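Remarks on the structure that follows.
The values are calculated or read from the model by the stated rules, or taken from the named source; none is laboratory data. Everything numeric in this text was worked out from a predicted model, so none of it was measured. Note that each Cβ is placed from the backbone with ideal geometry, even for glycine, and that neighbours are counted across all protein chains shown.
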Amino acid sequence: MKIIKYLFFLLLLIVIGGGVYVATKDGTFQAEESRVIDAPDELLFNTINEYKTWEKWGPWMDESDDLIMEYSSQTSGNGASYSWKSETQGDGSMKTIKTAPFSSIDQKITFITPMGESISDVYWKFEKIEGKKTKVTWGMKGEQSFMEKAFWMTQDSTLSKNLKPMYRKGLEKLDVFVHEKMKEYSVNVDGITEHKGGFYMYSATASSIAEIPQKMAQMLPAVMAYVKQNNLPQTGMPFTLYNEFNQEQGTAIYSTGIPVREEVITPTDSNILCGSLPKQRVVKTTLKGDISNLKEAWEAGYKYINDNGLEANAASPAFEVYRTDPGLQPNPAEWITEIYIPIQ
């Protein structure tokens, strides 16, 4: 009997000693991963700020077949939240505490497991780097409970080391998701309409078709600067007028212009000139998406003309109008370009 009491007392000492050891062990943790993504910071911020996108790229979606997501009435911005239920992953919730467009997002995450409830801080950082690339950092930090510390003491890894691969996988999936969204586009032939025409300031050049985007990037700012410096009221969005377009030879003569209210007489040595578009019937086609899809949009417009027994007006150049400023809308999938093909 004395031996049993002694063993019990010894076991009690071990339990108490172990409890004291666990209780005094530092339970703070922090885990983060970063990835450079070839996408604008605004687009990445808006994607992460909207919780309904998380089930498309969240790394945990591949870890559980029974995950049920529930969203609150607000799913983006300060105060937004969502929750989840899973027998294998446990239950939990996430809430956005603070956002600083387009540089950071702070959130609180709550896990409900057999070890109890724990709350940690989740943070996102967005750093613009060369071109349109962005360094995205995703991390979590907090304090482990007694039970969590005891659990991880029995494991070969740590909570931080266990989180990092998940965050790394999530950022990889986010990269793929954002690039797929940026590639989305649609082409719609709106049909016959009337273009009102009008005066415009322009700069003209000739080049290979492949060089057109590069040349336009140089010409348009020069025309825009002229318009602003001379206080000319801009009456429409920038456009490109194709005076000649030789697909076989791969060359083009074209003008990049900005509509203005009235005719402007420019100096004889000016590289910026004033022209006018006539009021005319046109077939209008709208591309929503990256301008890399313009070839398909132009082909759709000419196909409509052929299919409907119409005839393009060879004496009047076709043109495309850029309804979206890429500087204000970073997502190419949201760019709007209108194509106008004059008809007889």
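Filter segment 27-55 for residues that are surrounded by 15 or more Cβ atoms within 10 Å (Cβ to Cβ) and either farther than 22 Å from Gly139 by Cβ or charged (D, E, K, R) (or both) and give the result. Within segment 27-55, Glu32, Glu33, Arg35, Asp41, Glu42 qualify. Given Gly327, Gly309, which one is assigned by TED's automatic domain parsing to the domain that holds Gly236, farther than 19 Å from Gly236 by Cα and assigned to a loop (DSSP other than H, G, I, E, B)? Just a single option satisfies the conditions, and that option is Gly309. Pairs meeting the criteria (first residue in segment 107-130 and over 24 Å from Asn78 (Cβ atoms), second residue modelled with pLDDT of 95 or more and basic (Lys, Arg), beta carbons under 6 Å, at least 6 apart or on different chains) are Ile129/Lys135. For segment 184-193, give me each residue that is surrounded by 13 or more Cβ atoms within 10 Å (Cβ to Cβ), farther than 17 Å from Pro342 by Cα and not β-branched (Val, Ile, Thr). Within segment 184-193, Glu184, Tyr185 meet the criteria.
Results for (1) of a type in the set (Lys, Arg); (2) within 13 Å of Glu33 (Cβ to Cβ); (3) buried (at least 17 other Cβ atoms within 10 Å of the Cβ); (4) at pLDDT 95 or above, shown as yes or no for each residue.
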| position | (1), (2), (3), (4) |
| --- | --- |
| Tyr123 | no, yes, yes, yes |
| Thr134 | no, no, yes, yes |
| Asp156 | no, no, no, no |
| Lys161 | yes, yes, no, no |
| Lys173 | yes, yes, no, yes |
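Only residues that are at pLDDT 90 or above, farther than 19 Å from Ala100 by Cα and aliphatic (A, V, I, L, M) were counted across segment 33-67, and they come to 2.
Would segment 283-303 turn up any residue that is within 20 Å of Gly197 (Cα to Cα) and over 32 Å from the mean Cα position of the chain (by Cα)? No - not one qualifying residue is present in segment 283-303.
Looking at segment 208-234, which of its residues are free of Cβ contacts under 8 Å to residues at least 40 places away in the same chain, in contact with a strand residue (DSSP E or B) (Cβ under 8 Å, 6 or more places away or on another chain) and not in a helix (DSSP H, G or I)? Selection gives Leu232, Pro233, Gln234. Within segment 223-242, is there a residue that is touching a Lys or Arg at 6+ places or on another chain (Cβ under 7 Å), at pLDDT 95 or above and among the aliphatic types (A, V, I, L, M)? Yes: one or more hits.
Within this structure, Ser93 fails the test of being hydroxyl-bearing (Ser, Thr, Tyr), at pLDDT below 80 and surrounded by 14 or more Cβ atoms within 10 Å (Cβ to Cβ).
Cβ-Cβ distances below 6 Å connect the following pairs, each with a first residue in segment 235-259 that is more than 11 Å from Glu320 (Cα to Cα), a second residue that is β-branched (Val, Ile, Thr) and not in a strand (DSSP E or B), and a separation of six or more residues or different chains: Gly250/Ile209; Ala252/Ile209; Ile258/Val223; Ile258/Val227; Pro259/Thr235. Within segment 73-89, the residues that satisfy the criterion of being part of a loop (DSSP other than H, G, I, E, B) and either modelled with pLDDT of 90 or more or surrounded by 13 or more Cβ atoms within 10 Å (Cβ to Cβ) (or both) are Ser73, Gln74, Thr75, Gly77, Asn78, Gly79, Ala80, Ser86, Gln89. Among the numbered conditions (1) touching an Asp or Glu at 6+ places or on another chain (Cβ under 8 Å); (2) touching a residue at least 60 places away in the same chain (Cβ under 8 Å), the only one that Glu262 does not meet is (1).
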